[in-house]
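K.L.:
Take a look at this one; I'll ask things after.
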Amino acid sequence: VQLQASGGGLVQAGGSLRLSCAAPGRIFSRYTMGWFRQAPGMEREFVAALFRGSSTVYAESVKGRFTISRDSAKNTVYLQMNSLKPDDTAVYYCAADSSLILSSIRSAPAYDYWGQGTLVTVSS
């Protein structure tokens, strides 16, 4: 299963970016899709997820600023990031899994499939 993440770049603090994650149609409709990020020297951390295509879950640090959504026609999940802060600087990864339960949604090891990552840099 290949996930294609894109949309990263350099943005000033307070700005916005939208990340995209394209997935094969056969998994997109049924899998939980998540976004994680990893800053230099830090562990990979949960950002947001779309649980089995319906419920959304966010990390407290991004709640109210980031929005996860999906476009079924394009088999793509988006992460709209607004009011970006320098602390949001990281490589962002999309992930997917078919069988994780809601209590595991924030756990990176619970996801079987990963995209290649896209770098987001927020300057102050």
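K.L.:
Evaluate the following for VAL122: is it within 21 Å of PRO40 (Cβ to Cβ) and either surrounded by 13 or more Cβ atoms within 10 Å (Cβ to Cβ) or of a type in the set (Asp, Glu) (or both)?
P.N.:
yes
K.L.:
Given the conditions (1) of a type in the set (D, E, K, R); (2) in contact (Cβ under 8 Å) with a residue 60 or more places away in the chain; (3) out of contact with any strand residue (DSSP E or B) (no Cβ under 6 Å at 6 or more places or on another chain), which single one is not true for ASP97?
P.N.:
(3)
K.L.:
From the list PHE36, PHE66, pick out the single residue that is within 20 Å of SER124 (Cβ to Cβ) and of a type in the set (Phe, Trp, Tyr).
P.N.:
The match here is PHE66.
K.L.:
Being outside any strand (DSSP E or B) and either in contact with a helix residue (DSSP H, G or I) (Cβ under 8 Å, 6 or more places away or on another chain) or closer than 16 Å to THR118 by Cα (or both) is the filter here, so list the residues in the stretch 1-14 that pass it.
P.N.:
First pass over the stretch 1-14, keeping only residues outside any strand (DSSP E or B): 1-2, 7-8, 13-14.
Residues satisfying the conditions are VAL1, GLN2, GLY7, GLY8, ALA13.
K.L.:
Looking at the stretch 68-120 only, could you name the residues that are touching a Lys or Arg at 6+ places or on another chain (Cβ under 6 Å) and not aromatic (Phe, Trp, Tyr)?
P.N.:
VAL77, GLN80, ASN82, SER83, ALA90, ALA108
K.L.:
Which condition does ARG44 not pass, out of (1) among the basic types (Lys, Arg); (2) surrounded by fewer than 14 Cβ atoms within 10 Å (Cβ to Cβ); (3) in contact with a strand residue (DSSP E or B) (Cβ under 6 Å, 6 or more places away or on another chain), if it passes all the others?
P.N.:
Result: ARG44 passes all but (2).
K.L.:
Another question, then. Give the stretch 68-102 a look and list any residue that's part of a helix (DSSP H, G or I) and either closer than 16 Å to THR56 by Cβ or open to solvent by less than 10 Å² (accessible area, probe 1.4 Å) (or both), or say none.
P.N.:
Once the filter is applied, which keeps residues that are part of a helix (DSSP H, G or I) and either closer than 16 Å to THR56 by Cβ or open to solvent by less than 10 Å² (accessible area, probe 1.4 Å) (or both), the stretch 68-102 yields SER72, ASP88, LEU102.
K.L.:
Name the single residue that is most open to solvent (accessible area, probe 1.4 Å) among those in the stretch 49-67 being within 14 Å of ARG37 (Cβ to Cβ) and among the aromatic types (Phe, Trp, Tyr).
P.N.:
The selected residue is TYR58.
K.L.:
Working only within the stretch 103-119, note down all residues that are open to solvent by less than 20 Å² (accessible area, probe 1.4 Å) and acidic (Asp, Glu).
P.N.:
Those that are open to solvent by less than 20 Å² (accessible area, probe 1.4 Å) and acidic (Asp, Glu): none in the stretch 103-119.
K.L.:
So in the stretch 15-41, with the set limited to residues that are in contact with a Lys or Arg (Cβ under 8 Å, 6 or more places away or on another chain) and surrounded by fewer than 17 Cβ atoms within 10 Å (Cβ to Cβ), which one is farthest from GLN116 (Cα to Cα)?
P.N.:
Going through the qualifying residues, I end up with ARG30.
K.L.:
Here's something else I'd like to know. Do you know which residues across the stretch 103-123 are within 23 Å of GLY9 (Cβ to Cβ) and in a strand (DSSP E or B)?
P.N.:
Listed by number, the residues that qualify are TRP114, GLY115, THR118, LEU119, VAL120, THR121, VAL122, SER123.
K.L.:
Can you tell me which residue among GLY41, GLY64, GLY25 is more than 14 Å from the chain's Cα centre (by Cα) and within 20 Å of GLN4 (Cα to Cα)?
P.N.:
After ruling out the rest, the residue left standing is GLY25.
The values are calculated or read from the model by the stated rules, or taken from the named source; none is laboratory data. Keep in mind that this is a model prediction, so the values were computed, not measured. Methodologically, a virtual Cβ is constructed for each residue, glycine included, from the backbone with ideal geometry; neighbour enumeration extends over all protein chains shown. Accessible surface is based on the protein model in full, side chains and every heavy atom, while ligands, DNA and RNA are left aside. Shrake-Rupley method; radii C 1.70, N 1.55, O 1.52, S 1.80 Å.
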